[in-house]
Each structure stands twice: as C-alpha cells, then as structure tokens.
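These notes concern the structure reproduced below.
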Amino acid sequence: MLTHNQLNPTQNKKMRITKMAFIIFSLVILTIVGLTSIPKATSPIVQSEVVDLPTLASPTTEPLEFASNATLVTKSEENLKIPVLLYHEFCIDNPKNDLYTKTSVLEENISTLQENGYSFITFADLYAFYYENAPLPEKSVILTCDDGYLSNFNLAYPIFQKLNVKVAIFVVDSLVGKQNYFTWDEAKQMKDSGLVDIYSHGKNHIDYTKVTAETLKNSINFAQTNLEQHLGPSSIKVFAYPAGKYNSLTVETLKDLGFSIQVITDYGRPFDTTAADLTGINRIRCTNNTTGAKIIQDSLK
C-alpha cells in the first residue's frame, strides 16, 4: 500500500479534493440536522369567542286558538250570534263587479274585527260548541270564500297568513285548476298551513234543488271523494250550496251522506246558535263596500 508521501502529485491532489468534499458534505448534513432540531416559533392560538346567538322562532303553521282577551262560553251557558262572512274574488284595485273585494278592504275588515276582540274560528270549532259543549269566544266570527278563485290563493292567502286568521274555502270540483281558479296543489299548500280548511261546493256550480235525488247524491259524493283524494280526509264534512239554493231533499240527502254542516247564503245577519242544528248556516256577504264596522253592526242583529 502506498503512503501519502509515495503518491504522485496527481494522485495526492485527487485525495485532497475528495477529503475536502467529504468535509463539506458532513458540514452540510450537520447544519441541516441542527436546523431541524431548533424549536420553531409558534403563533399563539386565538380561540374564537363563543357567542350565544339568539334563538330564532321557528315558522309557525299553527294559528292562534282565540283572541287573548276572549271571554269563553259553552252552548249550555249562552247562545251566540256568529257572523259568517262570505267573500268571492279579490283584487288589488279596480273591482270588476260586486264579487270582487280589494285586498285593502279585506285587510281592514279582518283587522277591525280583531281590534274589537273578535276571534276567527273554524267550522270544527262551531261543531264542537254544538255537540261537545266545547267553549267558544263570545265574539266569534267565521270567514269563508266561495268557488275557489285563484285570487284566494295569490292575493288573500298572504293576508290570512299575515293576520293569522282561520278561513274556510268552498271549491267547485269541476273548476279546480281551470283558468282563474287555484289548483289542488295550491289548495293543499293552504290547507297544510293550518289556517285554511277546504270544503266542497259541489261537483258543478248548479242549483241542486233542480236535480233528481240520484244525481244529487252522486254529484255530492263524487266531489267529496275527489276532494279527500287530493287533500286527505276532513274531521267534519261541510257543504256550501251554490247560490245558496237548498230544500228539504238536499238537506236530508246531505245529512245521510254525513254532512253535519250545511252553509247557505241567507244574507245580512249572523248565525244564531239557538238553531236546532247546523244545516242552515246563513252568511253575511262582503263586497268591496263592506267595512269592519258594518260587519260588527250586522252581527248585533
């Protein structure tokens, strides 16, 4: 083996370069290791302050039961005079005929009644008052709309929601979904809100006193069955006679078909609960000229 002194100059130079490269390599490695072992400065962890957010009220679909200041009575304690209001179509302005009521008038009617302590009740409430001795407010009112016009859904329904009032709408089966009338889907949307009950106004808008007993029965059955197929069963069956036309045959036939409440259009006075049953509920017709004060005045007749 050659010693360092025995190497020729070229070999000796190569060896020095190799050693130097090794030393440099070692220093680089040591530097890297040293740097990785130095503790890193860390930023302080800032914990977000936990803020208790206010709990938002869930949208309610359940209407208020009765006015907060209502005096409740049962039928065994006191008979009542209950205005049953009848509306048809609604508009923003320029009523075409006396079937139309401006939305501003509708809102005034409802607000005036509420401000004077009236509670908007349902036909189910009235039934329970009659047959289950359930209490009702002394100042009770029922709001109804006939025929199922589209404006009931797109103009009046938002007001019912805003003012939180219960309403009954009577639909003519053959007109549902036709031009200017709301659809079954829209009817279901209103019913599912808990504010609107949908009841039958017949298969067709005809005078049912002028048809045979068989036609009457088949027509009423068809309309009610179709209504329940689209909207589900109702707790009670209620029927409003088209144009308010009825006779003893229609009354007895509908009773046999399970309609415990029958609504007519004997205008101008409230329904008096001294009546023997609920087969002739008269109504107060509301037009664009009707005021809340006039409804209250008529309710005292």
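The values are calculated or read from the model by the stated rules, or taken from the named source; none is laboratory data. On a predicted model such as this, the values are computed, not experimentally measured, just so you know. Methodologically, a virtual Cβ is constructed for each residue, glycine included, from the backbone with ideal geometry; neighbour enumeration extends over all protein chains shown.
The residues of region 106-154 that are acidic (D, E) and farther than 27 Å from P233 by Cβ, listed by number, are E107, E108, E115, E138. Taking the criterion of being surrounded by fewer than 17 Cβ atoms within 10 Å (Cβ to Cβ), β-branched (V, I, T) and free of Cβ contacts under 8 Å to residues at least 60 places away in the same chain, the only residue of region 84-130 that qualifies is T103. Scanning region 146-197 for residues that are under 15 Å from the mean Cα position of the chain (by Cα), outside any helix (DSSP H, G or I) and among the small types (G, A, S) yields A168, S193, G194. For region 149-194, filtered to residues that are closer than 16 Å to T101 by Cβ and among the β-branched types (V, I, T), the residue that is surrounded by the fewest Cβ atoms within 10 Å (Cβ to Cβ) is I159. When region 264-292 is filtered for residues that are under 11 Å from V84 (Cβ atoms) and touching a Leu at 6+ places or on another chain (Cβ under 6 Å), the ones remaining, listed by number, are R283, I284, R285, C286. For F239, the stated conditions hold: it is buried (at least 19 other Cβ atoms within 10 Å of the Cβ), within 28 Å of the chain's Cα centre (by Cα) and closer than 23 Å to T183 by Cβ.
Listed conditions (1) in contact with a helix residue (DSSP H, G or I) (Cβ under 8 Å, 6 or more places away or on another chain); (2) on the phi < 0 side of the Ramachandran plot are all met by D147, apart from (2).
When S58 is tested against (1) among the hydroxyl-bearing types (S, T, Y); (2) modelled with pLDDT of 95 or more; (3) in a loop (DSSP other than H, G, I, E, B), exactly one condition is not met: (2).
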